[in-house]
């Protein structure tokens, strides 16, 4: 049997890399140096709701598998990748050993500080709630954004779609997730999912109607990122610019027509992440198209 070269990181065969991150490191502590460090429990919970390192690692593995299945080539073969909305590296930590450039940006300075000081293979930068983001035109061959467009109102969505098209190379690919029909149906059918979304019935039903009519459906939430509603007792706002954060549902037909202003829709995978979020694979449109 051929020995596994753990030093290759994400250049290892996919099955071996996933096995190492999802299972082996939790059964053999001697393997821990070959995977990325884990964030503190507080930050891990802040970005994912998870408190277990094993669960956090498993989510990152699931994302890496879904992206690998959607990509025309191994993720390790892209020259440079941007993780837009990187949080504390739930996905980015899976790129350990990547031979190219891995960049990550986020609006929460706590996340960026942790990634920047701990994941030495990630170039982390703080970004704002509005464009521009701190990157050059056509800088990235691949751009990934997990669980960002699932929370934006339509104006913010459009601003960032244009911005992500700007920073992606003309022959590059974007992998962006949305809440589509599968997510909405599960929220309707499954009480646990409905409780997780945690919004009142009236705005949820309005969003269902908007979605059924083929429109962008946004439900505003009063959390630590929303600045347009009064701050609840004991709540600390994490951004100072005006910003609305919520739960967003986007019909596939809307995405194919509205997003085509900036992108060619290369592929669309319903329920690609955890049988919940859909994955849109996009290519920037040229200025003349």
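The values are calculated or read from the model by the stated rules, or taken from the named source; none is laboratory data. Everything numeric in this text was worked out from a predicted model, so none of it was measured. All Cβ positions, even for glycine, are placed from backbone atoms using ideal geometry, and neighbour counts span all protein chains on display.
Any residue at all in the range 17-35 that's closer than 25 Å to residue 223 by Cα, assigned to a helix (DSSP H, G or I) and either in contact with a helix residue (DSSP H, G or I) (Cβ under 9 Å, 6 or more places away or on another chain) or modelled with pLDDT of 95 or more (or both)?
no
Identify, by number, the condition in (1) in a loop (DSSP other than H, G, I, E, B); (2) under 17 Å from the mean Cα position of the chain (by Cα) that residue 97 doesn't meet.
Failing condition for residue 97: (2).
Test residue 129 against the criterion of being more than 19 Å from residue 241 (Cβ to Cβ) and crowded, with 17+ Cβ neighbours inside 10 Å, and give yes or no.
So residue 129 fails the test.
If I filter the range 219-238 for residues that are closer than 28 Å to residue 138 by Cα and at pLDDT 90 or above, do I get at least one hit?
No, there is no match, as no residue in the range 219-238 is closer than 28 Å to residue 138 by Cα and at pLDDT 90 or above.
Of all residues being free of Cβ contacts under 8 Å to residues at least 12 places away in the same chain and not in a helix (DSSP H, G or I) in the range 178-201, which is surrounded by the fewest Cβ atoms within 10 Å (Cβ to Cβ)? Just the residue, please.
Filtering first and then ranking leaves 200.
Can you report the number of residues in the range 148-157 which are assigned to a helix (DSSP H, G or I) and surrounded by 20 or more Cβ atoms within 10 Å (Cβ to Cβ)?
Residues flagged as assigned to a helix (DSSP H, G or I) and surrounded by 20 or more Cβ atoms within 10 Å (Cβ to Cβ) within the range 148-157 amount to 2.
Identify, by number, the condition in (1) in contact (Cβ under 8 Å) with a residue 24 or more places away in the chain; (2) in contact with a helix residue (DSSP H, G or I) (Cβ under 8 Å, 6 or more places away or on another chain); (3) within 23 Å of residue 155 (Cβ to Cβ); (4) surrounded by fewer than 18 Cβ atoms within 10 Å (Cβ to Cβ) that residue 284 doesn't meet.
Status for residue 284: all satisfied but (4).
Quick grid of which residues meet (1) assigned by TED's automatic domain parsing to the domain that holds residue 244; (2) over 16 Å from the mean Cα position of the chain (by Cα); (3) part of a helix (DSSP H, G or I); (4) in contact (Cβ under 8 Å) with a residue 12 or more places away in the chain:
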position	(1), (2), (3), (4)
68	no, no, yes, yes
83	no, no, no, yes
86	no, no, no, yes
114	no, yes, yes, yes
124	no, no, no, yes
135	no, yes, no, yes
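Assigned by TED's automatic domain parsing to the domain that holds residue 160, in contact with a helix residue (DSSP H, G or I) (Cβ under 7 Å, 6 or more places away or on another chain) and part of a helix (DSSP H, G or I), is that true of residue 279?
It is false that residue 279 is assigned by TED's automatic domain parsing to the domain that holds residue 160, in contact with a helix residue (DSSP H, G or I) (Cβ under 7 Å, 6 or more places away or on another chain) and part of a helix (DSSP H, G or I).
Give the range 214-232 a look and list any residue that's surrounded by 15 or more Cβ atoms within 10 Å (Cβ to Cβ) and under 27 Å from residue 108 (Cα atoms), or say none.
216, 217, 218, 219, 220, 221, 222, 223, 224, 225, 226, 227, listed by residue number.
From 204, 175, 211, 160, grab the single residue that is surrounded by 15 or more Cβ atoms within 10 Å (Cβ to Cβ), outside any loop (DSSP other than H, G, I, E, B) and without any contact (Cβ under 8 Å) to a residue 24 or more places away in the chain.
204
Just need a number here: residues in the range 249-272 that are buried (at least 17 other Cβ atoms within 10 Å of the Cβ) and over 10 Å from residue 178 (Cβ atoms).
Number of matching residues: 6.
Any idea which of (1) within 20 Å of residue 130 (Cα to Cα); (2) assigned to a helix (DSSP H, G or I) is the one residue 223 doesn't satisfy?
Tallying (1) within 20 Å of residue 130 (Cα to Cα); (2) assigned to a helix (DSSP H, G or I), residue 223 fails exactly one: (2).
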